[in-house]
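*Asks:* A single structure is presented below for examination.
Each reported figure results from applying straightforward, stated rules to the coordinates on display, with no laboratory input. Since we're looking at a predicted model, the values are computed, not measured. Virtual Cβ from ideal backbone geometry, glycine too; neighbours counted across all protein chains shown.
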Amino acid sequence: MRTYIKLCGILLGVVLCATALFVGAQEPTDAEPTAGLFQKERVTRILLLGCDRASGLADSILVVSINEDEKCASILQIPRDTYAEYTEKDYKKLNGALSTFGESGIKDFFSSALGVPIHHFAVVKLDLFCKMVDAVGGVDIDVPQKMEYHDPAQDLHISLEAGRQHLDGKTAEHFVRYRAGYVNADLGRLDAQKLFLRAFAQRCRDLTPPDYFRLAGASLTGVQTDIGVGEIVRLSKILRECDPDTVPMQTLAGQAVQGKSGAWYYVLNREGACRQINELTYPESPIELSDFDTDGLFHRVQNSEFHNVYVAEEKALPLVFKPY
């Protein structure tokens, strides 16, 4: 039992992030439709969605890829404000896709859009994130700048000093949610989530068996996923060999662009996204530009600024992102 708990804890430590974490230990309700694919590619891709408390929108969207042959893993972040025309409604940001497609269709949607199969999904609510941080006794992290933000409507009050801090569940939530003071706003928050993920993963490497028990216990409820216990153990064995400091984490290439309505969107760059998918998700064979976004969901031809970002050569993208 201790070995199993430790395996689950290592898995959790690697794939927890920001407001999306862990592939929970629940038996799948249906037979695995992609079981043959695991044996062929020996790669497992997991879509992690971290949802807020009120609206059910996904504040964090990640693809975790685990390569069994190479004994390595990677994380690809997709900004929540990514433009995607998946609905006839006016709201065209990717964080609403779960509400549209539901748990039954979200894997197929991302598989088609990204051009690589997504094998599993996990949906996690923000409260579970806090519980898991508390379960490991908190996390030490270097806060890059003073964070001060107050929103009475959400009962959200963030006040963190710059420098080395010990964060419990509540203050960790504040750290990964803060974005108001970053020059590049939500992109700055994505960078903070990378910092937190590495710190949490390192913390998990130092846990005792009782710590692992608390961590696994905190994660067994509140996760909607199609990953079974057997798969958890299999993936954990691979992830135990990964050093969190060497796991590559990148944000999908693109640029923030203001729409005609005044709303800001993150527009993906097709060339950069293809490169990152090939480097970070370990496809059996490299995808081509024609394999990515085959339905043109991320491309708004009618808006010249959106179009220019989408079709630009990756090296032509500006290094400084507009705030949004």
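*Asks:* How much net charge surrounds Asp245 when only other residues with a Cβ under 11 Å from its Cβ are counted (Lys, Arg +1; Asp, Glu -1)?
*Replies:* +1
*Asks:* Treat each spin label as a single point 7 Å out from the Cα along the C-beta direction, and report the Glu85 to Gln224 distance in nm.
*Replies:* Those two pseudo-labels are separated by 2.8 nm.
*Asks:* Suppose R0 equals 22 Å. What FRET efficiency, 1/(1 + (r/R0)^6) with r the Cβ-Cβ distance, do Ser290 and Arg42 give to the nearest 0.05?
*Replies:* The computed FRET efficiency comes out at 0.30.
*Asks:* Starting from the amide H of Gln224, placed 1.01 Å from N in the peptide plane, find each other amide H under 5 Å away whose residue is 5 or more places distant or on another chain.
*Replies:* So Gln224 has HN proximity to Val123.
*Asks:* Rank by packing, highest mean first: peptides 280-293, 110-123, 151-164, 132-145, with packing defined as the count of other Cβ atoms within 10 Å averaged across residues.
*Replies:* By packing density, highest mean first, the sequence is 110-123, 132-145, 280-293, 151-164.
*Asks:* When each pair of different Cα atoms in the range 51-152 is counted once in the 1/r mean, what is the Kirkwood radius in angstroms, to one decimal?
*Replies:* Working: mean 1/r = 0.0617 Å⁻¹.
Across the range 51-152, the inverse of the average 1/r is 16.2 Å.
*Asks:* Right, next: May I ask for the net charge around Ala122, where only other residues with Cβ less than 13 Å from the Cβ of Ala122 are counted and Lys, Arg are +1 while Asp, Glu are -1?
*Replies:* With Lys, Arg at +1 and Asp, Glu at -1, the net is 0.
*Asks:* Past the 24 Å Cα-Cα mark, which pairs from Lys131/Lys194; Lys71/Lys194; Lys89/Lys194?
*Replies:* In this structure, Lys89/Lys194 exceed 24 Å between Cα atoms.
*Asks:* Residues with amide H under 5 Å of Leu156's amide H, sequence separation 5 or more or different chain, H placed in the peptide plane at 1.01 Å from N; which?
*Replies:* HN-HN under 5 Å from Leu156: Asp151.
*Asks:* Could you give the nm distance between label points at Arg205 and Glu279, where each point is 7 Å from its Cα heading toward the beta carbon?
*Replies:* A separation of 2.3 nm, rounded to one decimal place.
*Asks:* By the gyration tensor of its Cα atoms, with a ≥ b ≥ c the square roots of the eigenvalues, what is the shape of the range 78-212: rounded for a/c under 1.5, prolate for a/b over b/c, or oblate?
*Replies:* Oblate.
*Asks:* With charges set only on the Cβ (+1 for Lys and Arg, -1 for Asp and Glu), what does the dipole of the range 89-128 come to about its Cα centre, in debye to the nearest 20?
*Replies:* 120
*Asks:* Gain in length, Lys170 to Lys237, computed as 0.36 nm per residue apart minus the alpha-carbon separation, to one decimal in nm?
*Replies:* Computed gain between Lys170 and Lys237 is 21.1 nm.
*Asks:* Assign unit charges at the C-beta atoms only (+1 for Lys and Arg, -1 for Asp and Glu), then state the dipole size of the range 121-178 relative to its Cα centre in Debye, rounded to the nearest 20.
*Replies:* My answer is approximately 120 debye.
*Asks:* With label points built 7 Å along Cα→Cβ from the Cα atoms of Glu148 and Asp245, find their separation and express it in nm.
*Replies:* 3.4
*Asks:* Under 10 Å from the Cβ of Ala312, count the other residues' Cβ atoms, weight Lys and Arg +1, Asp and Glu -1, and hand me the total.
*Replies:* Local charge sum for Ala312: -1.
*Asks:* So if each residue of separation counts as 0.36 nm, and I subtract the Cα-Cα distance between Asp134 and Ala316, what length gain in nm does that give?
*Replies:* Between Asp134 and Ala316, full extension yields 61.2 nm more.
*Asks:* Per residue of the range 279-290, what does 6.51 cos²θ - 1.76 cosθ + 1.60 with θ = phi - 60° give for ³J(HN,Hα)? Whole Hz please, x for Gly and Pro, Karplus curve as stated.
*Replies:* 7, 10, 10, 6, x, 4, 9, x, 7, 9, 4, 6
*Asks:* Pop out the ³J(HN,Hα) list for the range 260-277 in order, Karplus 6.51 cos²θ - 1.76 cosθ + 1.60 with θ = phi - 60°, rounded to Hz; leave Gly and Pro as x.
*Replies:* Each residue of the range 260-277 in turn: 5, 6, x, 6, 8, 10, 9, 9, 6, 9, 4, 5, x, 5, 4, 4, 5, 4 Hz.
*Asks:* Also: For Arg179, what residues show an amide H to amide H distance below 5 Å, using hydrogens built from the backbone and excluding near sequence neighbours?
*Replies:* Close amide H contacts, sequence-distant or interchain: none at all.
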